[in-house]
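Please read the structure below before turning to the comments.
The values are calculated or read from the model by the stated rules, or taken from the named source; none is laboratory data. Keep in mind that what you see is a predicted model, and the values were worked out from it rather than measured. Cβ sites come from the backbone with ideal geometry, for glycine too, and all protein chains shown count toward neighbours.
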Amino acid sequence: MVPGTSDELAPRIRGPRAYVTFVLIGLVAGLLSGLFGVGGGTVIVPLLVLFLSFDQRLAAGTSLAAIVPTASVGVISYAASGSVAWIPALILAAGAVIGAQVGTRLLPRISQSALRWGFVGFLVLVIISLFLVIPSRAAEFELGWLNGAGLALVGVLTGIIAGLIGVGGGVIVVPVLMLVFGTSDLEAKGTSLLMMIPTAISGTIGNLRHRNVDLLAAGLIGVSACTTTALGAWLATLIDPFLGNMLFAAYLVVIAVQMAVKALRMRRR
């Protein structure tokens, strides 16, 4: 056993309680993933830490691995209604993979507390904007050189932020696609989920090398999430865009509170 690896950090006890918890976490994460076009990491990570005493790094690596099947089912669900912009998603993913490498290298040099407060500020602006801008369901993404370059930049910045503070790309990409690029809410969610797949695979490969993935937990969470992701995507098509914005804003409020609490705890230390 190598000191400091996930072999040391993983929970020692496996039993019915752990397996049931993995399944329940997956069901909740899958529903939110399909409904909002996010990976579900903002649910999976804190719940693994809270209920099963996972180390933060192990929880993040396990969550990223679980996102791969979850996002795949979500993409299929949104693609069935034509709500995925394929090429823009790949541009975002390429930028995010590069940005994530930059973010992890910058991590030791930048104040985590300042980063978290900055991200909280960003979320507050997004939440306010969601009350002011209601996306049209008829809107479609028309790719050109200018907005293509903009997508690449968004992808890189998303990857950097993900590498620095461990927040999944959907929390950033979905509102940016709606508010800046004018896509429909459904297309923003489907495109976000597609972007996550290569990004999550890349991150998972790196985490496996460092033994920061609990494969059993990731498998149970991922498979469980797949059973509710399609339901979440279907519900998204039924919900009015304004109500969808309000629900997404509420989800972002929860994330902002999580980030603020972490920043306050770091200051006290």
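Does Leu115 satisfy the criteria of being on the phi < 0 side of the Ramachandran plot, buried (at least 17 other Cβ atoms within 10 Å of the Cβ) and either within 16 Å of the chain's Cα centre (by Cα) or among the polar types (S, T, N, Q) (or both)? Give the derivation first.
On the way: on the phi < 0 side of the Ramachandran plot: yes; buried (at least 17 other Cβ atoms within 10 Å of the Cβ): yes; either within 16 Å of the chain's Cα centre (by Cα) or among the polar types (S, T, N, Q) (or both): no.
Criteria not met by Leu115.
Contact annotation: no residue pair with Cβ atoms under 7 Å, 6 or more positions apart or on different chains, pairs a residue in the stretch 19-35 that is surrounded by fewer than 23 Cβ atoms within 10 Å (Cβ to Cβ) with a partner that is at pLDDT below 95 and among the basic types (Lys, Arg).
Residues considered: Val43, Val49, Val38. Of these, the only one that is in contact (Cβ under 8 Å) with a residue 40 or more places away in the chain and not polar (S, T, N, Q) is Val38. The set of residues in the stretch 164-195 that are hydrophobic (A, V, I, L, M, F, W, C), within 16 Å of Ser33 (Cβ to Cβ) and at pLDDT below 90 comprises Val167, Val171, Ile172. Being polar (S, T, N, Q) and under 18 Å from Arg211 (Cα atoms) is the requirement here; does Ser72 meet it? Answer is no for this residue. Note on the stretch 161-269: enclosed helices (runs of 4 or more DSSP H) holding 1 or more residues that are under 15 Å from the mean Cα position of the chain (by Cα) and surrounded by fewer than 18 Cβ atoms within 10 Å (Cβ to Cβ) are 185-209, 241-268. Cβ-Cβ contacts under 9 Å between residues 6 or more apart (or on different chains), taken from a first residue in the stretch 52-63 that is assigned to a loop (DSSP other than H, G, I, E, B) to a second residue that is acidic (Asp, Glu), are listed as Phe54/Asp214; Asp55/Glu8.
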